[in-house]
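Note sheet for the following structure.
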Amino acid sequence: MKIRSPIVSVLGHVDHGKTTLLDYIRGSTIADKEAGGITQHIGATEIPNDTIDEICGSFISALTIKDLIPGLFFIDTPGHAAFTSLRKRGGALADLAVLIVDVNDGFKPQTFEALNILKMYKTPFIVVANKIDMIFGWETHEGFSFKESFNQQAQSVKQALDTKVYEIVGTLHKEGFQSERFDRISDFASQISIIPISARSGEGIIEVLAMLLGLAQEYLTEQLEINEDAPAKGTVLEIKEETGLGLTVDSIIYDGVLRTNDEIALMTSNNEVLTTKIRSILRPLPLEEMRDSKKKFKKFDEVVAAAGIKIAAPNLDDVVSGSPLRVLNDEEDVEEEILKE
Ligand code: GTP
Ligand code: NA
Ligand code: MG
């Protein structure tokens, strides 16, 4: 048995900082390049443990929690009101989620919507209270842990932050969740952690990564066990036309192995099962995002979960976004199974 990276969906209201948080982690600037500053697609990025180590340094090696889990597999979702279905897809896929809230703005309509999606799928999550650098008087310490930076703030600034954090605690309480600032939590099984961060300066991101790894290790290892030899299982995120490839499906593979020439089953918009044969599997390099740029894709003969990939194959015209993806094999009645999903 192998343990795959947990799929971590980042959800929240428009412009509360989802893409900027992922940009900080992968050292990219995708948020700056988006049309109108609005995310319009689901993005997927693998963050290997090496990168997490580089960001977290001694902070995380002291925790000795990362040995089993190869990294974190992040899904970026759009916060704009128009993209409810993409948020649902991101929520449905997630092993863990980050609910991001602009600490100065508090909960907004799509924050509540995202929370309801997490409730519906019973997805464990943490809350990230973003943009602490905008709190009046905050002194920025680039890349510091929250605790290190917090300890250096003036008393009035500390109080201002806590007032805002307790507003979030109050809102979550009304929604049926017990929560607390992460460093004051006594029981992680019953309380939701709130981690104050700045996605822009990186303050607190160390604790976000450590918390996600810790929760995955503590509560998810069974769910993350994959069979490297089993036929792949996945979900289609989007169908896209690509120059030179024709129609392709962007997918997340969450179990098993997928190979070129595999026969796969997918759903159509009429709820019918469609089968096709994989012509090629394309994968973004680690830290690159699937929706970012074609030249950063590499061709693979096979991929093992968890993986965000683009599949080129014939007859993809009627595939519906959100469709399950299964490799056809002799042992299982894949058509039955796929229709049940
Ligand atoms: P959608 O995907 O469109 O819902 O937005 P988003 O949640 O991905 O937010 P995005 O990362 O696009 O950030 C929105 C704006 O807030 C950008 O101008 C960011 O630079 C800014 N921003 C994000 N995080 C922070 C932060 O921690 N501090 C400050 N000062 N600005 C931030
Ligand atoms: Na935005
Ligand atoms: Mg975004």
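Things to note:
- The equivalent ellipsoid that matches the C-alpha gyration tensor of segment 17-63 spans semi-axes of 26, 10, 8 angstrom, in descending order.
- Förster radius 25 Å - calculated FRET efficiency between residue 29 and residue 139, Cβ distance, rounded to 0.05: 0.55
- Kirkwood-based Rg to Rh ratio, segment 1-147, C-alpha trace: 0.96
- Volume per residue that the Cα convex hull of segment 176-231 spans, once the total is divided by residue count, Å³: 140
- Structural size metrics of segment 119-173, computed from C-alpha coordinates, are Rg and Dmax of 13.4, 41 Å.
- Considering segment 85-140 at the alpha-carbon level, its Rg and Dmax are found to be 13.1, 39 Å.
- Full extension of the chain between residue 40 and residue 339 yields a length gain of 104.8 nm, computed as 0.36 nm times the residue separation minus the alpha carbon distance.
- Computed extension gain for residue 147 through residue 104, at 0.36 nm per residue and net of the alpha carbon distance, reaches 13.6 nm.
- Coupling constants for segment 114-122 follow from the phi torsions by the Karplus curve (6.51 cos²θ - 1.76 cosθ + 1.60, θ = phi - 60°), and in residue order they are 4, 4, 5, 5, 5, 4, 4, 8, 6 Hz; glycine and proline get x.
- Put simply, the amide H of residue 141, placed in the peptide plane, has no neighbours under 5 Å, leaving out anything fewer than 5 places away on its chain.
- Overall, the chain carries a charge dipole of about 780 debye about its Cα centre when +1 sits on the Cβ of Lys and Arg and -1 on the Cβ of Asp and Glu, all other atoms neutral.
- In sequence order, calculated HN-Hα J values of segment 307-322 (Karplus, 6.51, -1.76, 1.60; Hz; x Gly/Pro): 8, x, 9, 10, 10, 9, 6, x, 6, 8, 3, 9, 5, 9, 4, x
- Projecting label points 7 angstrom from Cα along Cα→Cβ for residue 158 and residue 116 puts them 4.0 nm apart.
- Mean Cα-pair separation over length for segment 118-230, i.e. relative contact order, pairs under 8 Å, 6 or more apart, %: 34
- Model label points for residue 299 and residue 68, set 7 angstrom from Cα along the Cα-to-Cβ axis, are 3.9 nm apart.
- In the chain the longest region clear of trypsin sites (Lys or Arg not before Pro) that are loop-assigned by DSSP and have at most 14 other C-beta atoms within 10 Å covers 123-278.
- For the chain, the equivalent ellipsoid built from the Cα gyration tensor has semi-axes of 36, 20, 19 Å, listed from largest to smallest.
- Placing pseudo-labels 7 Å out from each Cα toward the beta carbon at residue 2 and residue 329 gives an inter-label distance of 1.4 nm.
- Over 21 Å apart at the Cα level, from the set 18/299; 88/164; 33/299; 108/131; 88/298, are 18/299; 88/164; 33/299; 88/298.
- Ordering 92, 44, 19 by Cα displacement along the dipole of segment 1-102 toward the positive end leaves 92 in first place; charges were set at the Cβ atoms of Lys, Arg (+1) and Asp, Glu (-1).
- Pairwise Cα separations in segment 148-286 fall into 10 Å bins from 0 onward with the following percentages, short to long: 9, 25, 21, 20, 18, 6, 0.
- Between helix 84-93 and the chain: long-axis angle, C-alpha atoms, 0 to 90°, nearest 10: 80
- Hydrodynamic radius (Kirkwood) for segment 130-209, which is based on Cα pairs only, to one decimal in Å: 12.9
Coordinate-derived values only; no laboratory data. These numbers were taken from a predicted model, which means no experiment stands behind them. For neighbour counting, all protein chains shown are included, and Cβ atoms are generated from backbone atoms with ideal geometry for every residue, glycine included.
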